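Heads up: the structure comes next, in structure tokens.
The values are calculated or read from the model by the stated rules, or taken from the named source; none is laboratory data. Because the structure is a prediction, the values reported are computed rather than measured. Heavy atoms of the whole protein, side chains included, go into the accessibility calculation; ligands, DNA and RNA do not. Shrake-Rupley method; radii C 1.70, N 1.55, O 1.52, S 1.80 Å.
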Amino acid sequence: IEPGEAEETTACREILEETGLIPELLPGFRKEYAYRLPMGTHKLGVFFLGRFEGEAVYQQEEILEGFLLPYGAALNALNFEPDREVLRAAEAFLSEKEAAR
């Protein structure tokens, strides 16, 4: 996060810098979890839910490949349970939003 920058602004800026996508964040969804890197550094992952148009242009070396998956395949593709929990929460959020329509 840059000084004075809101979390959502940071998320959109990072997504644009790393993928070339301009996301539209959906209000009301925010999840986080803390974890430790192998070298002992503590990190906090903050997740928002968003949508975009077009296809990504992967610009950074840290992104090896990118692809879109349906929910079930995405859930199976994730390696870490906290990531699966965030995806489940996002699916539940979208389902509740759709049911309220």
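A few points about this structure:
- Each helix, a run of at least 4 DSSP H residues, gives -39500 (n - 2.57); summed and divided by the residues of the chain, these come to -12000 deg cm²/dmol at 222 nm.
- In the full protein context, the chain carries 77 Å² of accessible surface per residue, based on a 1.4 Å probe and ignoring ligands, DNA and RNA.
- Kirkwood-Stokes translational diffusion coefficient of the chain, alpha-carbon pairs, 25 °C, 0.890 mPa s, µm²/s: 160
- Of the accessible area of the chain, computed with a 1.4 Å probe over protein heavy atoms only, carbon and sulfur atoms account for 54 percent.
- Close amide H partners of L49, meaning residues 5 or more places away or on another chain with modelled amide H under 5 Å apart, are L26, F29.
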